[in-house]
Amino acid sequence: MTSRFSGWSLLLGGLSGQRRWSEQWRAAEPKRGYDAIIVGGGGHGLGAAYYLAKEHGIRNVAVLEKGWIGGGNTGRNTTIIRSNYLFAESSALYDHAVKLWETLSQELNYNVMYSPRGVLMLAHNVHDEQVAKRHIHANYANGVDNEWLTPQQAKEFCPPLNISSELRYPVLGGALQRRGGTARHDAVAWGYARAASALGVDIIENCEVTGLRRDSNGEISGVETTRGAIESRRVGVSAAGHSSVVLQMAGVRLPLESFPLQALVSEPVKPIIPCVVMSNTIHAYVSQSDKGELVIGASTDAYTSYTQRGALHVNLHTLEAVCELFPAFRRLRMLRNWGGIVDVTPDRSPIIAKTPVPGLYVNCGWGTGGFKATPGAGHLLAWTLARDAPHALNSAFTIERFRDGTLIDEAAAAAVNH
Ligand code: FAD
Ligand code: PYC
């Protein structure tokens, strides 16, 4: 496997340098029509285009991105990958993605820096411990790895962790998924873009979809964009944070709310934390990038918004929690912070499905937890769009479940409140 990386510009700081990488795919002008259009050039949308071309032979595909590829949540998240979800449908869905992560660099011939360093989710009270153990048992039954660590075992696994019983929220133990970890977020977008482009997919940046066209039968016939109208009988929408806005253009209402979610990084230091640590209870999650920065994530804001930045007090709350768990981090300076917009369903599980409009498909509602799903979501959206029918792994993740009450109510959907 080769890697084109010669340097690093991590996390949001990397976006300014991303033009250098865009040379690796063909910047395309929109054609009059395509066999399929994907709206949204994040990892999910680019992944869907790649799998359409690679696995379904549908190569006359355009990915339409209103900004630059990977500039949405794909380039703004804290890159935590895991599949330790409670329900059988969810753990199967997310584990499908984890399995794809394991060979993604080889698949794309692009180093996405997948690093299965282990994700440790802390318990701070009896309720946390019971919930964690319930997840461990459920995961075990579903063939997904997850194990309980005592406070001492947690400290051995993650030496800087403070397990003093004097803590406001003492560590009572934790659930460890060893196959969980991190990846280089925007490399995923670039890797899929390059591989899709090589198979003939057009990747069109600075092209916002402003309308969805339907013919006299009500079927999808194309899109309107800031670069003109484009025809297609199949449109997949993968516009995280804005999916309900786009679907509304075809008269489809989605049960989604959009919230800002923030993250921040410290100055770079030598390797200090060997794994990912998450605490749902005190709203902190932290890992270390290969460049040395501590990557820290906060909670969603309390109110819906499209501002792509969150409230300062949310970050301060997280930093207090991180410093309590890791006293050694107190002296670090924070380098930068940023926000993304995540869209959240009532049951915190995603939608990957056909819509009531023939030819229109949607992948959305991943909330605070869709980065880990990137290869799986792309793979399943492509399948659903190519066959006009869901794969067994996404057949439960419909829009209709909110009408029928067949919810997949995943409390494990994130380490953050939302
Ligand atoms: P995006 O990358 O957002 O792509 C959607 C694209 O659609 C965007 O580029 C956008 O510009 C484009 N678009 C929108 N409207 C239009 C339009 N009208 N026309 C054309 N294009 C349009 N998940 C995890 O699993 N682990 C984590 O640790 C994690 N941490 C997170 C931390 C933060 C701070 C944030 C914000 C999110 C985090 N997430 C995490 C969630 C994760 O980032 C998202 O669920 C995931 O990246 C969604 O990928 P995507 O490709 O669907 O979306
Ligand atoms: O889904 O693991 C997750 C996550 C961590 C931070 C945000 N989302």
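Quick notes on this structure:
- For the range 218-272, residues that are in a loop (DSSP other than H, G, I, E, B) and closer than 21 Å to LEU381 by Cα total 17.
- Checking ASN337, ASN363 one by one, the residue that is surrounded by 24 or more Cβ atoms within 10 Å (Cβ to Cβ) and part of a strand (DSSP E or B) is ASN363 and no other.
- Taking (1) in a loop (DSSP other than H, G, I, E, B); (2) under 30 Å from ARG401 (Cα atoms); (3) within 18 Å of the chain's Cα centre (by Cα) in turn, ARG309 satisfies each apart from (2).
Residue-wise test of (1) more than 16 Å from ligand 1 (Cβ to nearest atom); (2) at negative phi.
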| position | (1), (2) |
| --- | --- |
| THR79 | no, no |
| GLN106 | yes, yes |
| TYR110 | yes, yes |
| VAL119 | no, yes |
| GLN130 | yes, yes |
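- Screening the range 208-249 for residues that are within 17 Å of GLU65 (Cβ to Cβ) and polar (S, T, N, Q) and picking the one that is surrounded by the fewest Cβ atoms within 10 Å (Cβ to Cβ) gives THR226.
- Residues that are aliphatic (A, V, I, L, M) and within 20 Å of PRO116 (Cβ to Cβ) within the range 72-95 comprise ILE80, ILE81, ALA92, LEU93, listed in sequence order.
- Only one entry in LEU120, LEU167, LEU172, LEU199 is away from ligand 2 (no atom under 16 Å from the Cβ), under 24 Å from ILE80 (Cα atoms) and among the aliphatic types (A, V, I, L, M), namely LEU172.
- Which listed residue is among the aliphatic types (A, V, I, L, M), part of a helix (DSSP H, G or I) and within 30 Å of GLY378 (Cα to Cα), from LEU93, LEU176, LEU120: LEU93
- Filter result for ARG348 (in a helix (DSSP H, G or I) and either buried (at least 20 other Cβ atoms within 10 Å of the Cβ) or free of Cβ contacts under 8 Å to residues at least 60 places away in the same chain (or both)): no
- Selection status of ALA123, buried (at least 24 other Cβ atoms within 10 Å of the Cβ), more than 16 Å from ligand 1 (Cβ to nearest atom) and of a type in the set (A, V, I, L, M, F, W, C): yes
- Annotation: TYR110 fulfils all but one of (1) farther than 23 Å from LEU380 by Cα; (2) touching a Gly at 6+ places or on another chain (Cβ under 6 Å); (3) in a loop (DSSP other than H, G, I, E, B); the unmet one is (1).
- Exactly one residue out of GLY310, GLY365, GLY378, GLY297 is within 30 Å of ALA123 (Cβ to Cβ) and at pLDDT 95 or above, and it is GLY365.
- Here LEU86 meets each of (1) surrounded by fewer than 24 Cβ atoms within 10 Å (Cβ to Cβ); (2) of a type outside the set (S, T, N, Q); (3) under 16 Å from the mean Cα position of the chain (by Cα) with one exception, condition (3).
- When residues of the range 41-59 are limited to those that are assigned to a loop (DSSP other than H, G, I, E, B) and in contact with a helix residue (DSSP H, G or I) (Cβ under 8 Å, 6 or more places away or on another chain), the one nearest to ligand 1 (Cβ to nearest atom): GLY42
- Of all residue pairs spaced 6 or more apart or on separate chains, those with beta-carbon atoms under 7 Å, a first member in the range 360-373 that is among the basic types (Lys, Arg) and a second member that is in a strand (DSSP E or B) are LYS372/ILE81.
- Applying the criterion of being within 14 Å of ligand 1 (Cβ to nearest atom) and among the β-branched types (Val, Ile, Thr) to the residues of the range 279-303, the residue that is nearest to GLY72 (Cα to Cα) is THR300.
The values are calculated or read from the model by the stated rules, or taken from the named source; none is laboratory data. Everything quoted here is computed from the prediction, not taken from an experiment. Cβ: placed from backbone, ideal geometry, glycine included. Neighbour counts: every protein chain shown.
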